[in-house]
Amino acid sequence: GGNGSGQLGDGTTTDRHSPVGVPGLANVKLVSAGAAHSLALKNDGTVWAWGQNYSGELGDGTNTPRSTPAQVPGLDSVVQVAAGDTFSLAVKSDGTVWAWGANWSSQLGDGSGVSQTHPVQVAALRDVVAAAAGGAGAIALKADGTVWGWGNNVDGRVGDGAFVDRDTPVVVLREGGAGALETNDWFLDLDPSRAKSIPGDKIPIFLVVATNAQGGVVATVKFRGQDIGTTASIFAFAVAPATSITGPIAKDARVMGYLAKSRDKDDPVPCVLAQLNSSGQLQSASASTLQAYVSGVLGSQGQSVSVLNSTSAANSAGATFYVGYGASGTAMLNGGLNRSTVTVPGAATCQPQAPQTGWWWNPQQPGRGFSVEVQGTHIFFAAFHYDASGRSTWNVASGPTSLDGSLFTGDLLAVAGGQTLGGPYNGLPQHSTVGPITLAFSDASHGTMIWPGESVPIERMPLVPGGLEAAPQANQPESGWWWNPAESGRGFFIEWQAGYADIAGYMYDDAGKPVWYITVDSTPDARGLAGSWWSYANGQAMGGPWKQNTQTSNTVAPVTIQFSAPDTAIMTLPNGRTTALTRQRF
């Protein structure tokens, strides 16, 4: 066949009209062919690749094509490979899935939207027994018989009931969109004899099934059981490029940030909340001015909503449309009761994304930062910074997210009276409201934070050069929030980048005031960390001008952590006291 990129692996780029052997390969048990690259799995669990490498589909850390096989570094214990158009997948014996190559339609499933030249783990997938790669998306079968999809979804191929690309795996719906959340039969089940284990953060907040109908899109909304019989309004609305809006943009319209997916990266287009008018044109809106599609008592039969017709689709390039319901538009958005239904292709596309889990900051204001994690439709956020006197302090916010995890509006809390670094647990701390906070993420690594006294652009923090793009370390535990649920009121935030771990402890001093400590470690074996807690002071306060912070100690107390699994560990605190940590599934 064709060999212009060396995809036949015979050391040439000459097309062949009869089969030729791939030299240097033996003990191969499985092969898979992409558009212009090839994969082979050996009996020893190693993966070999050759051919086109423009998007990193060979996984060797380069973009250089190869006409002979080379091993994909860092991959072992692989039991299956699958080549997509310009990306690659591997299923390991531990049930995890790894992907590399093009990611322009989120086909790698890692949530970044960034192409990778080395394998990255497909987010939140475990116990996978088989996977398949398509043109720009993939599906996976888990041992319990559930099916998961991600990537390009322009025609519904991901199977989650929508026509919106999915950047991390979502559960494929039951045939015909049947079933209900309350009866736990809403998903495709290829092995009814097996008990199901769908994580709570992967269960939709409510069900939506969209269909193409006469050039438009109709969505059937299935309400939560707890909402049936209540009175509410149902909304259809969009997040759309400002360039697609007819008329002026309302002063109080909620601006969602700048586009991540634009053909012209030098001319970003802001995305705004919008609705279609009677002429099928997009007009800007705010949460309080959203007009209901219909209002009344929510019934068990659900509600059919006309989202787009042929006229409005032509006027909505780049918009992502949502359906939702609530007592008002504001309640619907703030409560997170909305789901994306269809994205209309365009030169600049508004497709909100949840933020990556990890450390965030404003690089123009170093010395303070933000811990961010979204699980399903909920966020947990903490800011480490300083009070007016210069002492280290922290604030926290949590609650439901909206618009595919990209928007949070809620209360920013202050806490006091909790557990010290080495002291006994003394019950839940007290909390009070500081003011409102809004977090609006324009893509997985950029956003805006609005809290008392300031609006701050924030972005992912590279702990080390290239850390955000680095391959995960062997035996690397999960990044995110950790805690001991028997000692609630304090927590630890851990992120790993390129073999480097940055850990913050959010707790209290002897006077009960909130205080934070940081420790860092670089180790070839991620199953164990050892170091000392550091303390800081005299930095920037909320709403205040930037001030350079100072380190007050790099030996507050020793700390060691031994990880027994990706989500469990034992932390040794001062005086030899230990505490069992686990990932916080909030």
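For this structure, a couple of remarks:
- Residue count for region 103-143, restricted to those that are in a loop (DSSP other than H, G, I, E, B) and under 22 Å from residue 375 (Cα atoms): 17
- Residues within region 123-158 that are within 20 Å of the chain's Cα centre (by Cα), farther than 26 Å from residue 210 by Cα and open to solvent by less than 20 Å² (accessible area, probe 1.4 Å), tallied: 1
- Any hit, region 164-179, residues being open to solvent by 50 Å² or more (accessible area, probe 1.4 Å), out of contact with any Pro (no Cβ under 6 Å at 6 or more places or on another chain), over 25 Å from residue 314 (Cβ atoms) and assigned to a loop (DSSP other than H, G, I, E, B): yes
- Yes/no for residue 491 being more than 19 Å from the chain's Cα centre (by Cα) and open to solvent by 10 Å² or more (accessible area, probe 1.4 Å): no
- Of the numbered criteria (1) more than 15 Å from residue 55 (Cα to Cα); (2) buried (at least 22 other Cβ atoms within 10 Å of the Cβ); (3) among the hydroxyl-bearing types (Ser, Thr, Tyr), the one residue 106 fails is (1).
- Count of residues meeting criterion [among the hydrophobic types (A, V, I, L, M, F, W, C), more than 22 Å from residue 354 (Cβ to Cβ) and assigned to a strand (DSSP E or B)] in region 210-225: 3
- Meeting the requirement of 1 or more residues that are over 27 Å from the mean Cα position of the chain (by Cα), among the hydroxyl-bearing types (Ser, Thr, Tyr) and surrounded by fewer than 18 Cβ atoms within 10 Å (Cβ to Cβ), the strands (runs of 3 or more DSSP E) wholly within region 354-456 are 430-443.
- The set of residues in region 569-584 being part of a loop (DSSP other than H, G, I, E, B) and surrounded by 14 or more Cβ atoms within 10 Å (Cβ to Cβ) consists of 573, 584.
- Among the residues of region 70-90, those identified as under 14 Å from residue 60 (Cα atoms), of a type outside the set (Gly, Ala, Ser) and open to solvent by less than 20 Å² (accessible area, probe 1.4 Å) are 72, 75, 87, 89.
- Taking the criterion of being within 29 Å of residue 315 (Cβ to Cβ), open to solvent by 20 Å² or more (accessible area, probe 1.4 Å), at pLDDT 95 or above and among the hydrophobic types (A, V, I, L, M, F, W, C), the residues of region 206-232 that qualify are 209, 218.
- Filtering region 457-470 to residues that are in contact with a strand residue (DSSP E or B) (Cβ under 9 Å, 6 or more places away or on another chain) and part of a loop (DSSP other than H, G, I, E, B) leaves 461, 462, 463, 464, 466, 467, 468, 469, 470.
- Looking across region 180-205 at every residue that is of a type in the set (Lys, Arg) and assigned to a loop (DSSP other than H, G, I, E, B), the one that is least open to solvent (accessible area, probe 1.4 Å) is identified as 196.
- Of the residues making up region 21-45, those that are assigned to a loop (DSSP other than H, G, I, E, B), open to solvent by 20 Å² or more (accessible area, probe 1.4 Å) and either out of contact with any Pro (no Cβ under 8 Å at 6 or more places or on another chain) or farther than 13 Å from residue 71 by Cβ (or both) are 21, 22, 23, 26, 27, 34, 35, 36, 43, 44.
- Inspection of region 552-568 identifies at least one residue that is in contact with a helix residue (DSSP H, G or I) (Cβ under 8 Å, 6 or more places away or on another chain) and outside any strand (DSSP E or B).
- Taking the conditions (1) of a type outside the set (Asp, Glu); (2) under 26 Å from the mean Cα position of the chain (by Cα); (3) more than 20 Å from residue 377 (Cβ to Cβ) in turn, residue 221 satisfies each one other than (3).
- Pair list, Cβ under 7 Å, 6 or more apart: region 6-21 residue closer than 14 Å to residue 36 by Cβ, other residue of a type in the set (A, V, I, L, M, F, W, C) and assigned to a loop (DSSP other than H, G, I, E, B): 7/36; 8/20; 9/22
- Any hit, region 67-75, residues being in a loop (DSSP other than H, G, I, E, B) and within 22 Å of the chain's Cα centre (by Cα): no
- Single residue of region 313-352 satisfying the filter (aliphatic (A, V, I, L, M) and part of a loop (DSSP other than H, G, I, E, B)) that is modelled with the lowest pLDDT: 347
- Residue list for region 518-533, restricted to those being part of a strand (DSSP E or B) and surrounded by fewer than 17 Cβ atoms within 10 Å (Cβ to Cβ): 520, 522, 528, 530, 532
- Conditions (1) crowded, with 19+ Cβ neighbours inside 10 Å; (2) closer than 21 Å to residue 500 by Cβ: number failed by residue 540: (2)
The values are calculated or read from the model by the stated rules, or taken from the named source; none is laboratory data. Bear in mind the structure is a predicted one, so any value in this text is a computation, not a measurement. Counting neighbours? That spans all protein chains shown, and the Cβs are built from the backbone with ideal geometry, glycine included. What goes into the accessible areas is simple: the full protein's heavy atoms, side chains included, and nothing from ligands, DNA or RNA. Shrake-Rupley method; radii C 1.70, N 1.55, O 1.52, S 1.80 Å.
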